[in-house]
Structures are given as structure tokens and as C-alpha cells.
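Throughout, read-outs are computed from the coordinates displayed, never taken from laboratory work. Quick caveat, the model's predicted, so the values are computed rather than measured. With ideal geometry, Cβ positions are generated from the backbone for all residues, glycine too; neighbour counts draw on all protein chains shown.
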Amino acid sequence: MAGDPLEAIDRPTQDAKDPAILTPDEVARFMAEVARLKDGRIVKAVALRLFAGLRPGEQEALRERDILADGIRVGVGKIRGRRAVRVVPMSPVLRAWFAVFPDAKLQPANFRKIQDEAIRRAGLVDVWEKDILRHTWISYRLAETNDERLTAREAGNSPDIIYRHYYQLVTAAEVKQFGMFTKPQLMERRGT
């Protein structure tokens with residue numbers, strides 16, 4: 001018998017694992033620490049990643065003129081290989097964090113160091129992965145809208161990627177909790 005008979009069989013492919021996302025309780029703990037550290041210096045930057053799904057490079061390139069009354073104009077990055085501008089909606093939660101911390105900067109000094117400290121204080125070191133804030137927003141936004149095309153347009157991805165990676169990662173009850181993370185509610189929950 002010549003050759004290996006298994007060569008005729010296609011190798012199985014392994015599906016990529018679901019993206020890591022934060023639960024509503026983890027979001028509450030993390031945002032409470034972000035608000036406490038350095039007088040909330042990184043609140044706006046974190047909120048843009050967590051409540052608008054911006055990529056780190058998109059958040060870092062943002063300017064005040066890109067914050068519109070009804071959304072955030074994102075002009076960096078590519079959609080389907082082409083440079084594209086998109087507008088991500090300004091959710092009530094994002095608006096609330098911006099209102100409570102009006103002096104927080106869009107590109108705060110020492111962002112990474114402060115964020116790492118908030119992650120540690122919130123007890124999230126073991127669950128934290130690259131782009132977890134963006135993945136969290138996409139997951140909750142898809143569950144909220146139940147529309148992968150809309151979510152893809154807002155996130156700057158393709159509908160196929162959104163559906164394949166984020167569909168059914170969170171429940172309707174979790175979406176409702178995620179939409180309620182304003183600073184006063186967080187501080188009441190934490191007893192501060």
C-alpha cells in the first residue's frame with residue numbers, strides 16, 4: 001500500500017473561540033475603578049472603547065470636533081479594505097459618562113498605566129484580553145439591535161464577522177443591565 005490513507009481526508013478546522021467580553025458586573029467594577037483613579041482622568045477614553053466600540057487607534061486619533069450631538073465620527077481605519085468614515089451612535093450611557101467627567105481627556109496621559117491599575121483593582125486580570133472593551137460593546141450592541149448589518153457599520157466590520165463572532169453572546173437581560181451604567185448608579189451599587 002503506497003502512501004498514508006489519511007492524506008485523502010481533510011484536516012478538521014478549529015473554530016476560533018468566542019471573543020472575551022465583560023459581564024455587566026465586571027463592567028460595573030471596572031468603571032467604578034476607572035472613575036476613582038486619578039479623578040477619572042481616563043473615563044472618556046475608556047467609555048469610547050467600552051460604550052462606543054472604538055478600537056484603541058481610533059480612540060487615540062479622536063478629536064473634540066469628532067464628538068457630535070448624536071454620535072462619534074470615526075475617520076481612521078478601514079472598512080472592507082477601504083478607508084471609511086462612520087458615525088457611532090452616542091448612547092445615553094456614553095453621554096452620561098461624558099457629562100459626569102467633562103474635563104477627562106480623549107487622549108489622557110498615562111492611559112495604559114491607569115487602565116492596568118483599574119483592571120487589577122476590579123479583579124479582572126485573569127479575564128482581561130486584548131480588545132475586550134470593543135468586543136464587549138459589539139456583543140451588547142448586536143444583542144440590542146439584533147441587526148448585524150447595523151452593528152457592523154457602526155463597528156467598522158463586515159456583517160459576516162459580526163454574526164460569526166458575536167451572535168448570541170449575551171442575553172436581553174444583560175443588554176438592559178449594560179445600558180444602565182451611569183456613574184451615579186455605579187456609585188450606588190458600590191456603596192460610595
Next item on the list: Quick one: which residues, 5+ away or cross-chain, put their amide H under 5 Å from the amide H of residue 72? H built at 1.01 Å from N.
Entry: 88, 90
Note to self: In whole Hz and in residue order, list the ³J(HN,Hα) couplings for the stretch 138-143 that follow from phi through the Karplus curve 6.51 cos²θ - 1.76 cosθ + 1.60, θ = phi - 60°; x for Gly and Pro.
What the structure shows: 4, 4, 6, 5, 5, 5
Note to self: Taking just the alpha carbons, could you work out the radius of gyration and Dmax for the stretch 61-156, both in angstroms?
What the structure shows: 14.9, 40
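Based on the Cβ-Cβ distance of residue 145 and residue 112, what FRET efficiency does E = 1/(1 + (r/R0)^6) give at R0 = 25 Å, to the nearest 0.05?
Details: r = 31 Å, r/R0 = 1.25.
My answer for the efficiency is 0.20.
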Notebook entry, point to check: Among 178, 101, which comes first, second and so on when ranked by fewest other beta-carbon atoms within 10 Å?
Noted result: 101, 178
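Counting each pair of different Cα atoms once, what's the Kirkwood radius of the stretch 97-148 in Å, rounded to one decimal? Show your work: numbers first, answer last.
Details: mean 1/r = 0.0751 Å⁻¹.
Across the stretch 97-148, the inverse of the average 1/r is 13.3 Å.
Multiply the residue separation of residue 69 and residue 4 by 0.36 nm, subtract the distance between their alpha-carbon atoms, and state the gained length in nm to one decimal.
Working: separation 65, 0.36 × 65 = 23.40 nm, distance 6.48 nm.
Full extension from residue 69 to residue 4 adds 16.9 nm.
Quick one: order 112, 86 by neighbouring beta-carbon count within 10 Å, fewest to most.
Lowest count first: 112, 86.
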